[in-house]
1. Looking only at segment 173-210, which residues are at pLDDT below 95, assigned to a loop (DSSP other than H, G, I, E, B) and out of contact with any Lys or Arg (no Cβ under 8 Å at 6 or more places or on another chain)?
2. I'd like to know if segment 136-144 contains one or more residues that are surrounded by fewer than 20 Cβ atoms within 10 Å (Cβ to Cβ) and either over 27 Å from ARG191 (Cβ atoms) or touching a strand residue (DSSP E or B) at 6+ places or on another chain (Cβ under 8 Å) (or both).
3. Given the options TRP276, TRP264, name the one that is surrounded by 13 or more Cβ atoms within 10 Å (Cβ to Cβ), of a type in the set (A, V, I, L, M, F, W, C), part of a loop (DSSP other than H, G, I, E, B) and at negative phi.
4. Out of everything in segment 242-261 that is hydrophobic (A, V, I, L, M, F, W, C), touching a residue at least 60 places away in the same chain (Cβ under 8 Å) and surrounded by fewer than 16 Cβ atoms within 10 Å (Cβ to Cβ), what residue ends up being farthest from LEU189 (Cα to Cα)?
5. So THR148 fits all but one of (1) closer than 19 Å to GLY245 by Cα; (2) surrounded by fewer than 23 Cβ atoms within 10 Å (Cβ to Cβ); (3) in contact with a strand residue (DSSP E or B) (Cβ under 9 Å, 6 or more places away or on another chain); what number is the exception?
6. Could you tell me which residue of segment 96-119 is nearest to ARG8 (Cα to Cα), considering only residues that are charged (D, E, K, R) and either exposed (fewer than 11 other Cβ atoms within 10 Å of the Cβ) or out of contact with any Gly (no Cβ under 8 Å at 6 or more places or on another chain) (or both)?
7. Taking segment 249-292, which residues are under 24 Å from ALA198 (Cα atoms) and polar (S, T, N, Q)?
8. Looking only at segment 52-71, which residues are of a type in the set (Gly, Ala, Ser) and either more than 28 Å from ALA137 (Cβ to Cβ) or at pLDDT below 95 (or both)?
Amino acid sequence: MSGICAGRVVVVTGAGRGLGRAHALAFAAEGARVVVNDLGVGLDGTPHPDSPAARVAAEIREAGGEAVVHAADIATSEGAASLVTTALETYGRLDTLVNNAGFLRDRMLVNLDEDDWDAVVRVHLKGHFLPLRHAAAHWRAEAKAGRTPTARIVNTSSGAGLLGSVGQGNYSASKAGIVALTLVAAAELARYGVQVNAIAPAARTRMTERTFADTMAAPDTGFDAMAPENVSPLVVWLGSAASEGVTGRVFEAEGGRITVMEGWRPGPTVDRGARWSPAEAGETVTKLLAEATVPGAVYGA
């Protein structure tokens, strides 16, 4: 198959439904051979008898593409290692990793128990780190052997990770951590031919159906702004060789809109060259805040 990803091997985690499914199909349509990872669990991460990854792989093959299923838990070192191994043993290479897997256990902070915190941080943050680590180890070995790859990692953050979201302390913290992980990975892995970026998508999936309940009706224009397929073209481009030179960036994608997100950077500042008293510090901060940009509102506030 032809396309901007022809000849590339792409791994997509959480690819059985929603955004992951849309990404896997979009990569295949652009010529990639796809490793479709999904545990097939429910929205809260509990076991589910369905096997959505097999259905997505079948869709790809029926359309004339190539795909293989990977059903291990990528939030374990063994599962993440086997994800990379599956790509290498099946197709002989790995070019792009799309970290997408996740689920929700929403609670207000005073009701958020330790298990719900650990489960969400595990699947989102650890589930990004471990596949990234094992893929990066492979690409580093390739680079040291004189075969520097044109490798790409696309991580999945969220507006909740950039601005916060009421009732989603565990999810917001995980998604914010993914942004920081993206920045570190982009800096550390550049020498090995690896580019690392993140997206903050807004789309209708199992995880967001309540969030976007008011916008789920088809608009009069016929354009479904909340369709997950709207996000995938950006992900495919970031995962292709065509994105050369783009790394360490976070992009918001929703409907037909793409935004380059700009994170923390120094704002108004005063340096007196000596220690402040608490009262002096407070007076100075009040003046600085009056000059500073007002932060975006936390979702749900």
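1. If the condition is that a residue be at pLDDT below 95, assigned to a loop (DSSP other than H, G, I, E, B) and out of contact with any Lys or Arg (no Cβ under 8 Å at 6 or more places or on another chain), then ALA203, ARG204, MET207, THR208, GLU209, ARG210 are the ones that fit.
2. no
3. Values: TRP264 fails: surrounded by 13 or more Cβ atoms within 10 Å (Cβ to Cβ).
TRP276 is the lone residue from the list that is surrounded by 13 or more Cβ atoms within 10 Å (Cβ to Cβ), of a type in the set (A, V, I, L, M, F, W, C), part of a loop (DSSP other than H, G, I, E, B) and at negative phi.
4. Start the filter on segment 242-261 by keeping residues that are hydrophobic (A, V, I, L, M, F, W, C), which leaves 242, 246, 250-251, 253, 258, 260-261.
After this cut, where a residue has to be touching a residue at least 60 places away in the same chain (Cβ under 8 Å) as well, the list is 242, 250, 261.
This time we only want the ones that are surrounded by fewer than 16 Cβ atoms within 10 Å (Cβ to Cβ), so: 242, 261.
Numbers: ALA242: 18, MET261: 21 Å.
Among them, the one singled out is MET261.
5. (3)
6. Step one: filter segment 96-119 for residues charged (D, E, K, R), giving 105-107, 113-116, 118.
Imposing the further condition that a residue be either exposed (fewer than 11 other Cβ atoms within 10 Å of the Cβ) or out of contact with any Gly (no Cβ under 8 Å at 6 or more places or on another chain) (or both) reduces the set to 113-116, 118.
Values: ASP113: 42, GLU114: 40, ASP115: 39, ASP116: 37, ASP118: 35 Å.
Here the residue is ASP118.
7. THR259
8. As a first pass, look at segment 52-71 and keep what is of a type in the set (Gly, Ala, Ser): 53-54, 57-58, 63-65, 67, 71.
Of everything in segment 52-71, those that are of a type in the set (Gly, Ala, Ser) and either more than 28 Å from ALA137 (Cβ to Cβ) or at pLDDT below 95 (or both) turn out to be ALA53, ALA54, ALA58, ALA63, GLY64, ALA71.
The values are calculated or read from the model by the stated rules, or taken from the named source; none is laboratory data. Note that this is a predicted model, so its numbers are computed, not measured. Cβ: placed from backbone, ideal geometry, glycine included. Neighbour counts: every protein chain shown.
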